[in-house]
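What follows is a single structure, written as structure tokens, with notes after it.
Each value in this text was obtained by applying a stated rule to the coordinates, not by laboratory testing. Predicted, not measured: the structure shown is a model, and the values here were computed from it. Every residue, glycine as well, gets a Cβ built from its backbone with ideal geometry; the counts of neighbours run over all protein chains shown.
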Amino acid sequence: MARLTKLLVANRGEIALRIIRSARLFGLKTVAVYSAADAKSAHVGAADEAIAIGPAEAAKSYLDIAAIIAAAKQSGADAIHPGYGFLSERPEFARAAADAQIVFVGPRPEVMAALGDKVAARRIAVAAGVPVVPGIETAEISAARAFAALAGYPILVKAAAGGGGRGMRIVAEAAQLESALEAAAREATAAFGDGRIFIEKYLAHPRHIEIQVLGDEHGALVALGERDCSIQRRYQKIIEESPAPGLSAEMRAKMIDAALKLARAAHYTNAGTTEFLVEGDNFYFLEVNARLQVEHPVTEMRFGCDLVCEQLRIASGGKVSEPAAPRGAAIECRINAEDPEHNFRPATGTVLHLSVPGGPGVRFDSHMTRGAEVTPWYDGLLGKLICYGPTREEARGRLVNALGEFALLGVTNNAAYLRDIVASEQFRDARLSTHFIDQFFPEWKITNDEIDAAIVAAAITAGDVQAENAAPKANTERRSPWDSLNNFELWGSRR
């Protein structure tokens, strides 16, 4: 087992902070990297050391492979964890780390390259005997027309590279086909530098279910259950849970077997997720995310594990741990800086007040502190609120209460919107599909009670700010021992 000593976290925000905490438990020194916009971010203060890598623009900082590799060399880091987003699924980044003799905490670059191409991943799935959605690997118009005539409309046009719904078009009728192919190719080229597209049969009301896998360099592969990620807005997940409600034991076993077959065929190592679409009694391979997922905490809470520590153990050459038996249920909500009342317009601002819920089974993963700046430069994820319970209904009840306790003033966010979804009878009854939002929450308005609560909280906050401004401040000492929590800044810098 290789001895790692220092980990550079090539990311920012809540995931950087979350990785730093686990790396410390694993016995590693940590290095944060930061852009000019993140100089005061929580992950910078949490690491043992921090290195500036460029201006606010992601392309010149968090997406700059040379700058991050240089930071790793400068700090003496012998491993890099990419987190998710940014460079996490870029084979060239994993390759650059290997060339610099730095351990990349993730799959090998050639595996990442194969699975990152949806057409190549589809071929691996077919060869492994994993079911795929009927489709063709060409965008040639005559072949597309022939497939559509055979499969029936609607069909789905998809980009071979990338994700997030970019380069994707639903084609409802023959008259739309040619223009959809052209538009999807243009968008894919602009977003990913790769205009290749392919075509699949469109599934009307599928569920989106994924399997968490871990593989080591010794050939061992394990699966840690499934997550239902069906509740999405514009192809972006907003609520995830484990186990998938209503999924039969037989279907679960088949999906886990398929995920392990695919991982084995791809020679997969470290953490990854195989995603499927489920419709009726059938499931179909969608893609592999060759990294840690945003929604990984629901798996951790059910299996009592630390997936980042498992990643570090595997990257060190160790063997993957045999998972414990899963218990209970866990549900996660992504709290984003956005305005649900105005078409989810992105929001920015300064955090004036933050009230975090607590109690048994409640977890809040976030980098937000009072005084933190939410800028337009990066993804608007403010934090993830996760609740566990012995049953789904108990987990759901805790989450409804926790979302009601949550308060963040200064940055418009979707917490009240998420609370209404989780409290709804449709979510309670698990009437889940990828069209849940369009079907049950096409429009949303904040209630008067929530407006009143926000006004009261704002008034209290205004009073707190005035009192703080009037209070004398020491130049070299903290005002209170409660200004820090677990060695992390709770209320921002007050030195």
- Query: Of (i) 38, 32, 22; (ii) 138, 19, 15; (iii) 36, 28, 23, which one was derived for semi-axes √(5λ) of the Cα gyration tensor in Å from the structure shown?
  - Reply: (iii)
- Query: Going by alpha carbons, how many degrees (0 to 90, nearest 10) lie between the helix axis of 448-470 and the longest principal axis of the chain?
  - Reply: 40
- Message: Can you compute 3J(HN,Hα) from phi for each residue in segment 320-330, using the Karplus curve 6.51 cos²θ - 1.76 cosθ + 1.60 with θ = phi - 60°, rounded to whole Hz and x for Gly and Pro?
- Response: 5, 6, 6, x, 6, 5, x, 9, x, 9, 9
- Can you tell me the 0 to 90 degree angle between the C-alpha axis of helix 13-25 and the longest principal axis of the chain, rounded to 10? 80
- Item | At most 16 other Cβ within 10 Å, DSSP loop - trypsin sites (Lys or Arg not before Pro), segment 353-455 | R431, K445
- Note on the structure: Helix-only [θ] at 222 nm, the chain, -39500 (n - 2.57) per DSSP H run of 4+, per residue, nearest 500, equals -10500 deg cm²/dmol
- Helix axis angle, 118-127 relative to the chain longest principal axis, alpha carbon, degrees: 60
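Can you sort D438, D228 so the residue with the fewest Cβ neighbours within 10 Å comes first? Show your work: numbers first, answer last.
Details: D438 11, D228 25.
Ordered from fewest to most neighbouring Cβ atoms within 10 Å, D438, D228 come out as D438, D228.
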- When each of K40/K237; K73/K118; K6/K319; K29/K261 is checked by Cα-Cα distance, pairs over 25 Å: K40/K237; K73/K118; K29/K261
- For A372, residues with placed amide H under 5 Å, excluding near neighbours: V351
- Item | Around D281: net Lys/Arg minus Asp/Glu count, Cβ-Cβ under 14 Å | +1
- For segment 226-294 and segment 332-347, distance of Cα centres in Å: 25
- Task: May I ask you to derive the relative contact order of the chain, considering only C-alpha pairs under 8 Å and at least 6 residues apart, and to give it as an integer percent?
- Result: 13
- Task: Going by C-beta contacts inside 10 Å, put E241, E217 in order with the fewest on the left.
- Result: E217, E241
- Under a 5 Å amide H to amide H cut-off, with H placed in plane at 1.01 Å, what residues pair with L381 once short-range neighbours are removed? A337
